[in-house]
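Each remark here refers to the structure printed beneath this line.
The values are calculated or read from the model by the stated rules, or taken from the named source; none is laboratory data. Just so you know, these numbers come straight off a predicted model, no measurement behind them. These accessible areas exclude ligands, DNA and RNA; they are computed on the full protein's heavy atoms, side chains included. Shrake-Rupley method; radii C 1.70, N 1.55, O 1.52, S 1.80 Å.
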Amino acid sequence: MGTDRRLFLAAALDDDTRHALASFVSAPGMPWIPGRRVPPPGWHITLRFLGRSSTLQHELLLAALEEELTQARFDVGFGGLGAFPYPKKATVVWLAVDSGGNELEELAVACERAAVRAGYEPEERPFHPHLSLARVRPHQDLSALVEQYPEFPGRLRVDSVVLYESITSNSGARYTELDRVALR
Ligand code: ATP
Ligand code: MG
């Protein structure tokens, strides 16, 4: 349908965490991350990719999220870098989640339940909590970068799930917040 939007659910970064991470990755002496950077306003931790969605699916999803998101708010701590599919053939460079991974997984499961209730096909792929920082094409061997990169000492308070629209283009995707459902 012409009005369909490309949607996904994510934990958003608050401004303090975003600014702290932006300063951290660009601090003097920090190893350079190659590829096309995700601009800081777009930083997020994906919980459930939904893909093209109608207005009806969007509304059903919000109603289902209100029912399924019963979890208490929690904190996430970060590690260093990782890469998909793996560091020797990196195409996506991401910041690792250190603590709070189980709570993020629990939240992803609740998002999954809401998505299925709203009529989306079940997600078969396992959940890997991560914060994408750059896309690398063609792939590069970034094992040295991943091994040496220091841990980001910031913490993120996860207090809501954000529904984003993704507008993709040749120069990278742009994400717009459409809705936000609070945790307890
Ligand atoms: P581009 O695809 O142009 O490189 P992008 O991947 O950032 O940009 P989207 O493809 O719209 O933009 O994805 C939005 C978010 O959902 C990103 O965090 C992306 O990593 C994640 N995502 C996309 N497809 C999937 C998928 N099939 N399963 C899990 N997460 C996905
Ligand atoms: Mg993509």
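Observations on the structure shown:
- Table column - 3J(HN,Hα) (Hz), the stretch 92-102, Karplus curve with 6.51, -1.76, 1.60, x for Gly and Pro: 10, 9, 9, 8, 7, 8, 9, 10, x, x, 5
- Seen from every direction in turn and averaged, the convex hull around the alpha carbons of the stretch 1-129 projects onto 9.4 nm².
- Whole-percent carbon and sulfur share, accessible surface of the chain, 1.4 Å: 51
- In the assembled protein chains, Ser26 presents an accessible area of approximately 90 Å² (probe radius 1.4 Å).
- In order along the stretch 151-159, the phi-based Karplus estimate (6.51 cos²θ - 1.76 cosθ + 1.60, θ = phi - 60°) of 3J(HN,Hα) comes to 6, 7, x, x, 10, 10, 8, 9, 10 Hz; Gly and Pro are listed as x.
- Taken as Cα centroids, the stretch 1-74 and the stretch 152-171 sit 2 Å apart, rounded to the nearest whole angstrom.
- Ranked order, Asp4, Asp16, Asp75 - accessible area, probe 1.4 Å, largest first: Asp16, Asp75, Asp4
- Sequence of Trp32, Trp94 from largest to smallest accessible area, 1.4 Å probe: Trp32, Trp94
- Mean accessible surface per residue for the stretch 137-184, computed with a 1.4 Å probe while every protein chain stays in place, in Å²: 62
- The sum of -39500 (n - 2.57) across all DSSP H runs of n ≥ 4, divided by the residue count of the chain, sets its helix-only mean residue ellipticity at 222 nm to -8000 deg cm²/dmol.
- Arg113 contributes about 120 Å² of solvent-accessible surface, heavy atoms of the protein only, 1.4 Å probe.
- Under-5 Å amide H pairs with Gly51, H placed in peptide plane, nonlocal only: Leu7
- Converting phi to 3J(HN,Hα) with the Karplus coefficients 6.51, -1.76 and 1.60 and the offset θ = phi - 60°, the stretch 111-122 yields 5, 4, 4, 5, 5, 5, 4, 7, x, 6, 5, x Hz in sequence order, with x at every glycine or proline.
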